[in-house]
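In what follows, a single structure is set out as structure tokens and then discussed.
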Amino acid sequence: MVRLYDPSDNVIRIDSIQTDRAGYFNTKLFTWPDPSRNLVFGKYTVEVLSSDGDVQQISVDYTSTRERVFSITPANILSVKLDSPDQAVVGEPFRIFVQVTFEGALVNSDEAQLLELLGSSHVHSGDVTVNLSGEFKKLHEGLYYADVILKEEGTYIVHAIGFYKGFEAHDSRVIPVSSSSIQSIQESVDDLNQELKVANQELARLQEDLDRTAAELNSTRTSLTSSVQEARNSIGQDVRSAEGAVNQLVDASGQLNSIILPVLALISVILALQISLFARIRASYK
């Protein structure tokens, strides 16, 4: 059995061939057509499998010249570079950019040729495939863009495929698609940070008010303590003054008693004498 693999390791031809008695065969395996998207220039592999399980492989270079080429790297001849966003949102368009160069020069293609140049490009995820054929527009010489809208969440692969002058080149990017974007999440985080900042400012202002109130309370307590102490001192002085006045009154009362008692005794004697005199006078008139 003989198999022919393309540069992407896809089998493009399988033949069963009978050998002679010595185990040799000579046959026309494949005729190279003009290059196309399904048959591009590059390195192909011929694999021969014998009935007893032996496997042999040889490489064949499919080129645009009849001269033998021992090494060919299509990526160095045709190059495709894809640029896309890191994330997309369901139902919202995002733009991809593709640069195409051939032998280091930018490939300039008009609108009509873009279908052939990038027509096989697509976006896929599992069984979902979005064909980008006809979606590309020219931005600059060698630089093209397409707007893509994806309707379901998931992880998608954007696959840019360039085909030019029989050569094919690829580039791909992985894009997660969700119902919310990083930008909206960042905006929510920024809003939350702003609210936290305002809350911190309010807390700082409240702390200042509490510190001010505590200072005023301490000042008031100090003033009250001082006033109470002054009042205690004043009351103590008044009490001591009152005690002194009372003592003075007591002393004065003792002195008055020593003066008044003899006077009262003298008055009593005088009254007694007058009463006796009035009694005698009244007796003489009888």
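Listed residues SER223, SER234, SER188, SER227; which is under 30 Å from GLU92 (Cα atoms) and not assigned by TED's automatic domain parsing to the domain that holds ALA88? Full working, then the answer.
Numbers: SER223 fails: under 30 Å from GLU92 (Cα atoms); SER234 fails: under 30 Å from GLU92 (Cα atoms); SER227 fails: under 30 Å from GLU92 (Cα atoms).
After ruling out the rest, the residue left standing is SER188.
Are any residues in the range 123-148 among the hydrophobic types (A, V, I, L, M, F, W, C) and surrounded by fewer than 13 Cβ atoms within 10 Å (Cβ to Cβ), and if so, which ones?
Passing the criteria: only VAL128.
What tally of residues in the range 15-47 results from selecting those that are of a type in the set (Lys, Arg) and at pLDDT below 75?
The first filter runs over the range 15-47 and keeps only residues of a type in the set (Lys, Arg), leaving 21, 28, 37, 43.
The next check asks that each one be at pLDDT below 75; those that pass are 21, 37.
Total satisfying the criteria: 2.
If you scan the range 3-19, which residues turn out to be touching a residue at least 12 places away in the same chain (Cβ under 8 Å), of a type outside the set (Asp, Glu) and surrounded by 10 or more Cβ atoms within 10 Å (Cβ to Cβ)? Before the answer, list the steps.
Let us first name the residues in the range 3-19 that are touching a residue at least 12 places away in the same chain (Cβ under 8 Å), namely 3-7, 9, 12-17.
Subset that is of a type outside the set (Asp, Glu): 3-5, 7, 12-14, 16-17.
ARG3, LEU4, TYR5, PRO7, ILE12, ARG13, ILE14, ILE17, listed by residue number.
Looking at the range 48-63, which of the residues that are surrounded by 11 or more Cβ atoms within 10 Å (Cβ to Cβ) and assigned to a loop (DSSP other than H, G, I, E, B) is modelled with the lowest pLDDT?
Within the range 48-63, the match that is modelled with the lowest pLDDT is THR63.
Out of all the residues in the range 147-169, is one or more under 24 Å from SER36 (Cβ atoms), part of a loop (DSSP other than H, G, I, E, B) and modelled with pLDDT under 90?
Quick first cut of the range 147-169, residues under 24 Å from SER36 (Cβ atoms) only: 157-169.
Still in the running and part of a loop (DSSP other than H, G, I, E, B): 165-166.
Filter again for modelled with pLDDT under 90, leaving 165-166.
Looking for residues that are under 24 Å from SER36 (Cβ atoms), part of a loop (DSSP other than H, G, I, E, B) and modelled with pLDDT under 90, one finds at least one in the range 147-169, hence yes.
So in the range 108-122, with the set limited to residues that are at pLDDT 90 or above and either of a type in the set (A, V, I, L, M, F, W, C) or part of a strand (DSSP E or B) (or both), which one is surrounded by the fewest Cβ atoms within 10 Å (Cβ to Cβ)?
HIS122
Check GLU152, GLU195 and return the single one that is of a type in the set (Asp, Glu) and either under 16 Å from the mean Cα position of the chain (by Cα) or surrounded by 14 or more Cβ atoms within 10 Å (Cβ to Cβ) (or both).
Numbers: GLU152 fails: either under 16 Å from the mean Cα position of the chain (by Cα) or surrounded by 14 or more Cβ atoms within 10 Å (Cβ to Cβ) (or both).
Result of the check over GLU152, GLU195: GLU195.
Could you please give the count of residues in the range 20-47 that are within 21 Å of ALA169 (Cβ to Cβ), surrounded by 12 or more Cβ atoms within 10 Å (Cβ to Cβ) and over 56 Å from the mean Cα position of the chain (by Cα)?
Total meeting the criteria: 0.
Under 7 Å between Cβ atoms, at least 6 apart or on separate chains: pull out the pairs that start in the range 154-165 with a residue that is in contact (Cβ under 8 Å) with a residue 60 or more places away in the chain and end on any residue that is surrounded by fewer than 21 Cβ atoms within 10 Å (Cβ to Cβ) and acidic (Asp, Glu).
ALA160/ASP171; PHE163/GLU116
In the set ILE72, ILE12, ILE96, which member is over 25 Å from LYS137 (Cβ atoms) and at pLDDT 75 or above?
Values: ILE72 fails: at pLDDT 75 or above; ILE96 fails: over 25 Å from LYS137 (Cβ atoms).
So the residue among ILE72, ILE12, ILE96 that is over 25 Å from LYS137 (Cβ atoms) and at pLDDT 75 or above is ILE12.
Considering (1) under 30 Å from SER120 (Cβ atoms); (2) out of contact with any helix residue (DSSP H, G or I) (no Cβ under 8 Å at 6 or more places or on another chain), say which one GLU187 fails and leave the rest.
(1)
Would it be correct to say that ASP127 is closer than 30 Å to ASP61 by Cα and of a type in the set (D, E, K, R)?
When the stated conditions are applied, ASP127 does not pass them.
The values are calculated or read from the model by the stated rules, or taken from the named source; none is laboratory data. As the structure is a prediction and not an experimental result, all values here were calculated from the model. All Cβ positions, glycine included, derive from the backbone under ideal geometry; neighbour counts span all protein chains shown.
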